[in-house]
Every structure is written in structure tokens, then in C-alpha cells.
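Below is one structure; the comments refer to it alone.
Since every read-out is calculated from the coordinates, none of them should be taken as a lab result. Given the structure is predicted, the values throughout are model-derived calculations rather than measurements. For neighbour counting, all protein chains shown are included, and Cβ atoms are generated from backbone atoms with ideal geometry for every residue, glycine included.
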Amino acid sequence: MEILSYNCPPNCQVVNLRWKLVKKASQSCESKPPSFREHRILCIRRDFRSGFSGYSISSWCFSKNLDREKGSNSSNAVQGFRNLNSQVLSGSYDGYVIGGEEDAGSFPKEREAIPKVLIPGLPDEYNGESGAPITSSFWEWKPKFNVHYEKAGCENVNSPPVLFLPGFGVGSFHYEKQLKDLGKDYRAWAIDFLGQGMSLPDEDPTPRSKEGDSTEEKNFLWGFGDKAQPWASELAYSVDLWQDQVCYFIKEVIREPVYVVGNSLGGFVAVYFAACNPHLVKGVTLLNATPFWGFSPNPIRSPKLARILPWSGTFPLPASVRKLIEFIWQKISDPESIAEVLKQVYADHATNVDTVFTRILETTQHPAAAASFASIMFAPQGNLSFREALSRCQMNGVPICLIYGKEDPWVKPVWGLQVKRQVPEAPYYEISPAGHCPHDEVPEVVNYLLRGWIKNLESQGSVALPLLDDEENIQSVIARDLEFVREESKKSVRVRIYGSRFSLWNWIGSFIKSRFRKVEMNSS
């Protein structure tokens, strides 16, 4: 169980998020809580002294049904996501607890006082605080290969450049909270990978005559023809294409080495790119980077296996897979499906995802989106594995920083800790609660850590790493509660920092021991 403030309220309510009245909690947070199954628990105190008029939980315990009513349109989908499994974080509170059954069993009787650190919030435009203006542009890499990107802070001519790489299914819009904030101090860019976001092709890579098309929908979908245009004859949306795209973007647009920041798929591409082009990289920050990408074998690494598979993501799509892709695309591009995915990857369901949802939905309606998705899924793996790319980065002295959301259902904490084990000198920050996209869910924290890490590198170590101003802490595992203000409400998250002496095996041992304690407590 993660305790996000050591100043626990004297009257603490256990909230089982299924919105029906269950029971009053005990009068002390130190008492042993009951064992819960398939629930999350929330502990919030209402501070009547603060005078805050917003909503907060009082002296009742509720249970909320996690199943939402299914709507038929995108607005219902977003509303369903917002109301689903909500954690009430507005109002005044001293702390809250989030976790599952495993954590409830290991709730400590005595808690250490965790130091609190107040960090800046995002620019509050409603109160006159202006963020850096963002401009949207296109860069023609090759004929018909138009790359969309956003930039901010270009007037900061003497500041370090930072390039953000998006995850799968999103684009540069996913980093607007970084561009507006970090763009005040740095020159910042965010790009859309080819085949995603606004970097989809402007014309059909496999044009067809209307004769023989059976449905109006087929006429609408690009990439389902029988012959590829010359510019698309060898096109496959693979990690090798994307790392080339990043390489030429830096050479032709930014024109100097950069700090590269990547989330999920963008993290994989960031490491892969840095391994191939260390001279263009000042440092790499991984935000819940996926440790693998590509479902088809690489033709260089596994030539025999690659020859067995009939298709490697190039255009045109084989007739044998078109029906399958149309069926899958119809399912995953549905607004309900998009909302469900967002619900999975954001730990705090009070996060406003309206913009993300809308932009993803807009992308799915592009006529080239379905074929591009198919190409991405069937494109071969890269020439380097994630582990090999990390080894090359380490060998070439590329600085790496790890910032991971703990409650990520896809890239579990163990993946980030494995990276930490392979690159022990890399600072590792684990944020809780935060899911697969910590830069969008807790941008205040990610921006604070990014600023501090870049300052540390730019000062050649004379400025301490964020939250590691004590030399002894650099070697150990410590925790800090970071507090910030968002929309006039105070929020707090816990950040654990793993030093260079961190041992993955010790972590696994502690994890197993906590499970044994849980079993013993449940059986007693």
C-alpha cells in the first residue's frame, strides 16, 4: 500500500470504489485494515479548517461499481471514462492511500515520516500565467513523407534542445504539457512518427479504381489497393524507419545534439536511435519505455524465419489480411474501445483526457489509418533488441534517466527495474500513483525531474540530481512526497528514487516476503 502523506488524518475512511454504503472505518489509520479483494482503497480527510468549498469525502464509506454504462458515441465514452473508478482528489486533504489487495495486507503499523517537497505546478493560464506558445509545422523528409511536429521555446537560443518522441497511437499532442512548461526554459520539439498522428500520408499509397470495389467503406480506406505507388513500394512503418526519421529530423531541423525523451514506443525508439547515433544525443530519458517492439522477425537476425512469414508490413496489404485488418480496425477504433484503453493506462481517472481522446479519435478517421496500423503491427523487429541498444548506449557513455509510473498495467515496474539493473548509474524515479503515461498524468512531476536532470548534466554534476542532494542518498533507495497545486487544489504523489546500489534481486526478495506476510495475515 502506497501512503502518499505521512500526516494521516485522525479520522480516516476506507473507500471501496463501488458507490454503495459499506461501513465506517476505524478512528485510527494505524489500526490494521480488513483484507480486500479486487478493490482499491482510498483514505481522505476533509479539512474543515481550510474553508475550501470544493467537493471532498466526509464521514461515509462508499462502494462504486466499476462497470459503466456503455454509450454509443464518443462523448458517452469520455464521460464513462471520467466517472469510472474515480479517485476524489479535489478539496483539502492530508493524504490518501491507493493500492490493491496485496498492498492492504502489508499496511505498516508504524510509518516513517516521508519528507515533502513542494514543486511548481504547470503554468496557470486562467490566472494570467502564460506557458510557452506552441507552433505546428511540417517537414518534408522525402517526397510524400511529410512529418508533423510541434515546437516551443525557439527564442531560447542558448538553451539545450529537447526532443519528445510519442508512444503508439498518439502524437506530438501528447507532450503539449511539456512544450508549454519546459518551452519556457528550453528549445523543445515533439514529432509524430510516420504512420501516426498527423504524419499519415496525404494520398493513397495503393490507389484503386472504383470499378470492382464492393462497398463505399472500401473506397474510403487507403492502402487496400493491389499496387503500391513508387514512393510507397518499400514503405513499412518499422522502428528502423522511425529511428532514421528521428536522425534526419535532428540533422536537418534541430541541427545539433539533443536530449531525447520517449514514452512507451517512443522510449524504445529513443534508445534504439541513441545506440545508432550517439554523436547526436546529449542524453535519453525513458518514460515507461516498452522493452520490445515488433511482432515479425528481423530478416537480418532471423532470415529463415522471416522468409516463412508472408508479409512484413509493406504496401500493398496482401488480400489475405485485408478482411482481418478491417475487422480488427473496426473494433479498436471504436470510441468505446479508445476510452477503455485510456482507462487502463491512466492510474488517476480524474485526469482530464478529453484532448487525448479527441485527437486519437481524429487520427482513426483518417483514410490511411487502418492500413498504417496494419503495417506497424506486421513490420519486422529492429536490428537491435532493447537490451542490446541499452548496452551500446552504456558503452558509448550516453546518459540515461528513468522515470516510470508505478501503476502501469502494461510496462510493469519490474521492466524499469531491469533497465536500472543493466544501467546502474542511471537515476531511476518511480512515481505513484501514475500509469503508463506519467508525462500526461503527472506532468508537474515529470517536468520537475526532467529540468533537474538536464541541469545536472549541463552543469557537469555541479548541480545535484533532483531529490538527490545528499551524497549518501545517491547510493540508496529513498522516497519523497512531491506536492504541487493543480486547478487550485493541492495534489501529492510519492516518488521513490533507486540509487546505484539498488539490487533487483533484493527487490524481488522483498516482494516475495511481502506476499508471504500477506498470506499469513489472511489465513490468521
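A few remarks follow.
- With all projection directions averaged, the alpha carbon convex hull of segment 275-413 covers 10.8 nm².
- Principal axis extents of the C-alpha atoms in segment 342-464 (largest first, rounded to whole Å): 50, 39, 27.
- Fraction of alpha-carbon pairs over 16 Å apart in segment 376-424 - percent: 52
- One Cα centroid belongs to segment 137-187, the other to segment 218-284; the line between them spans 14 Å.
- Measuring how big segment 127-207 is from its alpha-carbon positions, Rg and Dmax come out at 14.1, 51 Å.
- Scattering profile of segment 228-272 at q = 0.24, 0.26, 0.29 Å⁻¹ [log10 I(q)/I(0), Debye over alpha-carbon scatterers]: -0.89, -0.96, -1.05
- For the pair Ala306 and Ser337, the difference between a 0.36 nm per residue extended length and the Cα-Cα distance amounts to 8.0 nm.
- Take the Cα of Val463, step 7 Å toward its Cβ, do the same at Ser233, and the gap between the two points is 5.1 nm.
- Ranking Ala434, Val419, Val446 by how far each Cα lies toward the positive end of the dipole of segment 380-450 (charges on Cβ) leaves Val419 at the top.
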